[in-house]
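Here is the structure we will look at.
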Amino acid sequence: MELDFLAIGDIVTEPFIKLKDAETHCNMDAGTCTICMRFGDKIPYESATLVPAVGNASNAAVAAARLGLTSALRAYVGDDRYGPECLDVLAREGVRTDYMVTERGKLTNYHYVLWYGNERTILVKHEEFSYQVPVLDHEPKWIYLSSLAANSLPYHQALMRLLDTVPNTRLAFQPGTFQMKLGVDALLPLYKRTDLFFCNKEEAARILELSSVPPIEMLLQGIRDLGPAIVVITDGTNGAYALAGNKRLRIPMYPDVRGPYERTGAGDAFASTVTSAIAASVPLEEALLWGPVNSMAVVQEVGAQKGLLTRAQLEGYLHAAPPEYRLSEF
C-alpha cells in the first residue's frame, strides 16, 4: 500500500492529573512561570485521565489518518501492559502499525501531565530503546520526524542514510527536547534535508543558541540558514509565522469564542495538519490556514488527539471562518 505519511518518533502513555490546589508565579521580564505546591504535604487533585498512544510523532500520525491520508508510525513500545494499548489505539485510528516495534524487557514511555488551569507541565522520561531504521515497503510521500530519546544520535545518523535512499520523499522536522539538546552541528545534515520545519519561538532561540528571543524575522532567517526550505515558527496566541521563498507570512489563530480547556498537543496539531494538507496536494498558503483550525479543536479536549478533526470537519470550519482569517505578509 502506498504511504502518504510516515511519522518517526517516540510514543508515550500520559496520565493527566488535574490539579486544584496549586499556584503559579510568573517572572514577566524573564518570560518564565513556575507552578508551586506545598512541599511535604498531601495535595488533593480533581481528576486523573489516562491517555495512551500520544507523543509528537504519534499525534501527527493520528492527525494525518483523520485527515484521510495513508498514515503509519515508526515508534517503540515495551512488552508491558501499555504497549498493546498504544498499538490498539493506533489501529483504531487507522494508523498502520507494521512499522511499530515491541522491544522485550523494556517499558513503554510513560509521562505525567500536571494539568492546572488550561496549561500543563509534563514530567518526561524517555526509555532508551534499541532504535533501528525501518525497512520501507514503499517510498513514503512524507516522513515526519519528531521527538526521540537522548540516546538517539546514531538513530538520526541512520535515518539520514535512509533518507538518501528515498530522494523523492519530503521531510518535515518538528524537533523535540532531546533533539534540540543534541545541537545543530550533530544534526546539520538533517536540517539541510528538511523541506518543512516547525518549532515555537522559544525553541527557535534555543536551537540558535541565543540568550534571548529576538524578533521573529531574525528567528525565521536564522533557522532557514541552517537549511530547511520552509520554516514555520509558532508564537502562542499571536499565531504563527512562515518563511517560504521570499515571502514572510503571518498565520492568525483561528477565531473561537470558547477559551482553551487544555493546551496539550496544540503545536503538534498545527505542524502535522499543515504537513498533511501539503501531502494531500493542498497549496502551501492554504495549508498554513489548516493548522490553526486543528489546534483550536484540540485544545477543547483533554489530551493531544481527542479533538483532532476529519477533513470534512476542518473544511467546515474553514468555510465558516470570518474574512479576517487569512494570511498576511509582514
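Here the accessible area is traced with a 1.4 Å probe on the protein chains. For the chain, carbon and sulfur cover 51 percent of it. Annotation: extensible slack from Val166 through Arg224 equals 18.6 nm (criterion: 0.36 nm per residue apart, minus Cα-Cα distance).
Charge dipole of the stretch 1-142 (Cα centre as origin; +1 on each Lys and Arg Cβ, -1 on each Asp and Glu Cβ, all else neutral): 260 debye, rounded to the nearest 20. Here each label is just a point 7 Å from Cα along the line to Cβ, and for Thr102 and Glu324 those points are 5.3 nm apart. A dipole drawn for the stretch 72-193 from +1 and -1 charges on Cβ atoms has a positive end, and of Met180, Ser146, Val135 the residue lying farthest that way is Met180. Classify the chain as rounded, prolate or oblate from the Cα gyration tensor: take a ≥ b ≥ c as the square roots of its eigenvalues, call it rounded if a/c is under 1.5, otherwise prolate when a/b beats b/c and oblate if not. It comes out rounded by the Cα gyration axes.
Going through the stretch 110-155, which trypsin sites (Lys or Arg not before Pro) have at most 13 other Cβ atoms within 10 Å and a DSSP loop state? For trypsin sites (Lys or Arg not before Pro) across the stretch 110-155 that sit outside H, G, I, E and B with at most 13 neighbouring Cβ atoms in 10 Å, the list reads Lys125. Once the 1.4 Å probe is applied to the protein heavy atoms, the chain comes out at 46 Å² accessible per residue.
Once the C-beta distance of Ala186 and Ser211 is scaled by a Förster radius of 25 Å, the resulting FRET efficiency is 0.75 to the nearest 0.05. Database remark: amide H of Gly176 closer than 5 angstrom to the amide H of Ser147, Leu148 (H placed geometrically; neighbours at sequence offset of 5 or more, or on other chains; Pro and chain starts carry no H).
Largest to smallest in accessible area, the residues Glu262, Glu127, Glu2 fall in the order Glu2, Glu127, Glu262 (1.4 Å probe, all protein chains included).
Straight-line cross-link partners of Lys192 among the aspartates and glutamates, defined as a Cα under 19 Å from its Cα and at least 8 positions apart when in the same chain: Asp164, Glu203, Glu209, Asp225. For a straight C-alpha distance cut-off of 18 angstrom, the lysines reachable from Lys201 (same-chain residues fewer than eight places away being disregarded) are Lys181. The label point for Ala150 and the one for Glu301, both projected 7 Å from the Cα toward the Cβ, are 3.4 nm apart. Between the stretch 1-70 and the stretch 197-237, the C-alpha centres lie 22 angstrom from each other. Remark: the chain carries a charge dipole of roughly 60 debye about the Cα centre, counting +1 on each Lys and Arg Cβ and -1 on each Asp and Glu Cβ.
Full extension of the chain segment joining Asn27 with Gln157 gains 42.9 nm, where the gain is 0.36 nm per residue of separation less the Cα-Cα distance.
Under 23 Å of direct C-alpha separation, and excluding same-chain neighbours fewer than eight residues apart, Lys42 reaches these lysines: Lys18, Lys20.
The values are calculated or read from the model by the stated rules, or taken from the named source; none is laboratory data. In this text, all values refer to a predicted model and were calculated from it rather than measured experimentally. As a convention, Cβ positions derive from the backbone with ideal geometry for all residues, glycine included, and neighbour counts pool all protein chains shown. Accessible surface areas use protein heavy atoms only, side chains included; no ligands, DNA or RNA. Shrake-Rupley method; radii C 1.70, N 1.55, O 1.52, S 1.80 Å.
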